[in-house]
Every structure is written in structure tokens, then in C-alpha cells.
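Step one of this worksheet: look at the structure below.
A short reminder: the numbers here are calculations on the coordinates, not readings from a lab. None of these values were measured; they are calculated from a predicted model. Note that each Cβ is placed from the backbone with ideal geometry, even for glycine, and that neighbours are counted across all protein chains shown.
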Amino acid sequence: MDGDLSPQDKKDLDKFIKFFALKTVQVIVQARLGEKICTRSSSSPTGSDWFNLAIKDIPEVTHEAKKALAGQLPGIGRSMCVEISLKTSEGDSMELETWCLEMNEKCDKDIKVSYTVYNRLSVLLKSLLAITRVTPAYKLSRKQGHDYVILYRIYFGEVQLGGLGEGFQTVRVGVVGTPVGTVTLSCAYRTNLAFMSSRQFERSAPIMGIIVDHFVDAPCGNQRPITMGQLCNYRPPDEDDGGAFAGVQDSQEVCTTSFSTSPPSQLYASRLSYQPAPPGGAAEFNTNQVKEGGNVLVPAQPQPPHGADVHLTIENAPNTPSSSGDEDGLLQSGEGRRDDGRRSVSPSDPVESLNAFTRKVGAFVNKPNTQITAASLDLPFAAFAPRGLDSEENDPMVRPPDSPPSQSPLQASLHSQGSDGSGPQDDFVMVDFRPAFSKDDLLPMDLGTFYREFQNPPQLASLSLHTSSQSMADDLDSLPEKLRVYEKNIDEFDAFVDMLQ
Amino acid sequence: MNCRSEVLEVTVEARQVEEATLALLHTILLHRSTGKFHYKKEGTYSIGTVGTQDIDCDFIDFTFVRVSSEELDRVIRKAVSEFKDALSSDGMGQISLEFYQKKKSRWPFSDECIPWEVWSIKVSVVNLANEQERQICREKVGEKLGEKVINVVEVINRHEYLPKMPTQSEVDNVFDTSLKDVQPYLHKITYQITDSLGTSVSTTMRRLIKDTLAL
């Protein structure tokens, strides 16, 4: 009972619970920003680090939390909840988890407020830090980007778990007994991620099982989330971040520009992230839901019906939280997207691809100039490009010219019409052949001509058979003589070898 | 006083041993470390601030939180590295993190170390045949580690016995004050290796020789 608690203890306890609630929200939201968090230890107490933990305070998040609490404290029947949801670039959304800070009636009268409760709340915050990295939403939040973003909503009152779908799991982070009740922190998370295939929301598997810090594809410019009306980046004017988010006024433009032009390192800007004021902390991030111009977190839309609701419920009229309907819609949209992706990859016309195969132009095949349209495009392998526009009747590859019966079928296919007939017949290379990389056969000293002229170079003297045996005999005879000379000069050779070593 | 003992078991690939062990040890130490104590004249003390850091594992789909202290990380990594080197490619081992209190004894007796909490991490190492299995292993081990972290948190939040906060003269009997930025409870890390049965080793050798001869 409160009567047993001294006024000072009561005051302290209220303060602890209030700041614990605020820090809880900070830890949860920061864990869903999509970036690794790093804060420094400090051996000297600064006096401002509640629970002796270095947890930064994002002002907008604190503001939202305070707004939700509206001067009250979590108590029996009054829970503070942080809802984490996912919103795709098409505007579909899904609740992923709900963190609840509750108080029940079980009191621990003997516990020391200023010491034990405080330390246990500190341990509980550490546990929260650990558990926030373990629930499935963490991995999703680390991969947010152009496909989807992660949003948060803080509310006070009754816990709402209906949006988590069937079969949601609960993990208890911890409890701390106090003289006025037991503080409980828990998380209920969705397990049924039905409309999210692993293909859509996970990056490709790392090669050889090692995480490679590879770049992330820049998001498409035309994939603009419809409902991202509140996506703005809080940025102090003198901050320079490579220009991806220079004081954007219209939030929708942020989405477009960031998706189409942002280099990989600035991809984070499209996520739930925050950029602190210049004297602020080390971590750089931009928030969703923050109004531009450096104001504190206020929805850009007219006030939503719920007090502290920064979820985009206003413009999401079709997306009211419901169970199966939304999921079906989401499933279809997801699949549709995938089909489109797949369709763009495969050839649209199987007949054309077949023609491309049969019409492949081999090297050295002479084609009448009228058909060399692709070559005029000045492409390196233009000669090999399938010519879908040419009619089949003129194509000698499809309809080879009539050949003399004595010729082999191979020669018939190789000798195209318009062959001059001159040149050596014995090496199966045509008269007017078109060597690879050759552009035009009309020039006098062309690659083809060069090939022909220097096709049969004279044999090297040492390689010619009738002289080789003779020279071999000569070599053998001269060998002893040579050996005698070398042995005489052996000192010189040794000195040379030593020099080399 | 009874010593609380907890056992965590994991099955990992050889290259995951280090990260899995670090993840669990650091998670425990995060909860068992405070800021540096600064005692004041009146007998009160103030406590420094503990920073935290997210660490992504390279071989496991997992991220864990550790205390931001390079010194502490170095000490833990050294112990884990020795443990990993001692483990064979398909063996079993156990690494233990023991929190203890020192009880000063009179000369000539040395100080007594009384453990109050022991965490044992049993590690079984497996060999996998192909990349697909390894990929599955990455994810599975990540999930398993998540469950272990939840187990750790559950035990710690029972708020069972913890040493009393010491006076200035006794602080070294309870806490490790050698680090300059954080102050974990006094702890030590030990390990033991349970090699797999002799037959499995010889089977592997036989197979190797057979394969070589078959070429």
C-alpha cells in the first residue's frame, strides 16, 4: 500500500517508473531503426544517464512517449505499449510486434526503492536491449529500405494484440517488484508472416556463409509508397550528408529522390531513422514520422483520431486493421510484384528466341550487304546479332543456296552466295571471309586481306624437318668441344651465378 | 549459500564456435556488469555509465549486444579463442563463466573464491557437407542463440542471489575493478574439452585414406 511508502520513496519510485517507461520506448524504437547501435561507456557518472546505461534520447520519440502517457504512469490496467509495424512500398502494412510495459497488483513491500528497484530496473533495461535483437522484427528492421519500412506507434491503455495475427508468441523480458506493484515488460510478436515470402524481404544468402558488406540495390524511382505522407527527415540545416535529404519540404518527394538517387550509404534515410542536432550524439539517422523543418514530432496530416498515434491511419482508409482481408490483399500484391519481376527477365517471345538460334551467323560467313543492318549499328559483334527483321526467304542460313553435289554439307553451309571463288580451297576458309572484329570488307587493306596475305608464313628454319636431323647430328658432335670451353670458363660462370643470388 | 548453475547447449559448425560462445558470454556479462564505482567520503558511491554495442555475427544470422569495453572484449575473446582452438572439428567442449566472491582469509591461507553463479556453455561441433546445409545452419544457429538469450534473460530476471554491494574496502572482493570503463562482477572463464569417441576419429581417417587410394 502506498501508505507504507515514505513520500520520498513514492516520489522516487514514480520518477523511476516514468523514466524507465521513456527509456524502454527509446530502446525499442532505436532497435528498429535498422542500424547497429553503439554507445560509449563512461567511468565518470554524468548524472544524466538513467539506470547507469548509455541510452540516447531521440527527442521525437520522447515527445511521442510523453504524449501517449499524458502525465500518467503505467499502472494497473494502464499499460504502455509500443507497436512495431511494417509498411511496404505499396502501402500495405502489418503489425509485427507489441511491447507492453504493465503493472500488476503484486507488491513487494520490503524492497528498497532507491537501491534495489533502481538496480533491477537497470538490469531489466539491459535485458530489453538483448531481447530486442532477438525477436523476428529485428532482422526485418535491419533490412528495411526500398521494399518496406518499419513504423512505431505508442499508446497507453489496454493492450491490443489483435493485429498480430494467429499464433503470435510472447516473450517475457522481465519483472521488477516494487512496493506499489510489479512492473512487467513483455513482447508479443507475430509468427505468421504469410504474405512476406523470404524472397521478398530477405536479401540473398551470403556467399560462402560469410556476411559480405555488399552494396544494396538502390531502390526504384517509381516505387513510391503512397502513404508515406509523414516521411520527412529531421535535419539541422548545417548538416551535410551527401545531399540525399537536403531539407525536404514535400515528404513524397523525399521518397522519390531517395529511392532513385540515393547511393547505398544513404539508403538508411528512407527508413525509420533520426538525425540529431549538431552537438548531439554519434549515431546518424533520420526519422520517419517527423515533420520537416526541425519541429518536434507532429504528424503532417491533420490530427489523427488517436492521441499519440503516429501510424499512418489517416490516409490508410482501405488499410484499416483487419485480419484476413488485408493479408490477402498483401499476398496478392506481393505475388504480383514477384511475377512482374520474373516476367521481365524471361524472353517475351519464344518464337523469336528460337529464330535467334537458327539464324545465328557464324564467323566468316559472307552475308549480302543488304542484310547487314546490325553491323551498321557499329556493334562489335553485330555480325552475330540475330536479325529478326530479315525475312526468312533471303536468309542463306535458313535456306542455303543450292550447292554442287560434290561438296560436303558443311561446305555448302559455309559457302554463302556471292562467293568469289578465288583463294585457297584446301583450308576451308572462304575467299571473302569476314573475320571477327572486321567492320567492312570494302577497304583495301583490311583485316581479312591481312589474314589472307599472311596466312602461310614460311616455316622457321630450325623447325623444318630435313634440316633438323642434320643440325641434331652437328649439335651432338660439337658437344664435347662446347663442354671443354665451358669447363675452362667455369670460374666465370660461378661468379655470374653468385651475382644472381 | 548455494551456487546457481545454468547450462546452455548449442550445436554449431566449427567456424561458428567463436561467435556463438562470444554472443552468450557477452550477453551474460552485459547483465553482470555495472559502471565504475566512485566512492565518496560519506560512504556513498556513484556509478559510472555502461555503454552498449551491437555486434553482428559473420557466420551466424544473429546480432548480440555487448558492453562497450574493448578491454573486457579482449579478455573474453582470448579465452574463447583458446577454447575454439582446443575444440576439434567434430568434438564437444564446455566453456564455463563463473562469478565468484573473494573471501579474505588470514595469513598464511590464501583468499577463498566462492562461486555464486556458474554458466556452462556446452558446445558440440558438427561438420556439414555442402553450402545449402551451411546456410540452413546459419539460420538455425541464429534462432537457437536467440532462444538461449531468452533463457539467460529469464534466469537473470528472477533476481536471485547477488552479492551485496560492497564498501570501498571490499569492492575488490566482489567486482573486477581492473578495467577502466566498466566493472563486471568477479569472474573467471574455464573450459574443458570432451573429445568425440575414438572410433569417430579413426573412421574419418579410414575414409580419408580410402578416398586417397581410390583416386
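Some observations on this one:
- Taking every residue in B:24-32 and counting other chain Cβ atoms within 10 Å of its Cβ, the average works out to 3.
- Under 13 Å, Cβ to Cβ, from B:LYS102 - net charge with Lys/Arg +1 and Asp/Glu -1: -3
- The phi-based Karplus calculation (6.51 cos²θ - 1.76 cosθ + 1.60; θ = phi - 60°) puts the 3J(HN,Hα) values of region A:86-91 at 10, 10, 7, 5, 8, x Hz, whole numbers, x for Gly and Pro.
- Taking every alpha-carbon pair within chain B, the share separated by more than 25 Å comes to 47 percent.
- In order along region B:145-162, the phi-based Karplus estimate (6.51 cos²θ - 1.76 cosθ + 1.60, θ = phi - 60°) of 3J(HN,Hα) comes to 4, x, 5, 5, 4, 5, 4, 4, 4, 4, 5, 5, 7, 6, 6, 7, 3, 9 Hz; Gly and Pro are listed as x.
- Relative contact order %, chain B, counting alpha carbon pairs below 8 Å whose residues are six or more apart: 31
- Whichever lysines have a C-alpha closer than 17 Å to that of B:LYS36, once near sequence neighbours (fewer than 8 apart) are set aside: A:LYS126, B:LYS164, B:LYS180
- The alpha carbon convex hull volume per residue for region A:133-197 rounds to 119 Å³.
- Least to most buried among A:LEU479, B:LEU162 (fewest other Cβ within 10 Å first): A:LEU479, B:LEU162
- The H on the amide N of B:PHE175, modeled in the peptide plane, is under 5 Å from the matching H of B:LEU186, each at least 5 residues off or on a different chain.
- For B:GLU9, nonlocal amide neighbours, meaning residues 5 or more places apart or on other chains whose placed amide H falls under 5 Å from its own, are B:LYS122.
- Table column - 3J(HN,Hα) (Hz), region A:126-136, Karplus curve with 6.51, -1.76, 1.60, x for Gly and Pro: 5, 4, 4, 4, 5, 6, 5, 8, 9, 5, x
- Other-chain or far-sequence residues with amide H under 5 Å of A:LEU53's (modelled H): B:VAL50
- When each of A:MET472, A:MET80 is scored by the number of other beta-carbon atoms lying within 10 Å, the sequence from fewest to most is A:MET472, A:MET80.
- Arranged from fewest to most other beta-carbon atoms within 10 Å of their beta carbon, B:THR11, A:THR178, B:THR194 become B:THR194, B:THR11, A:THR178.
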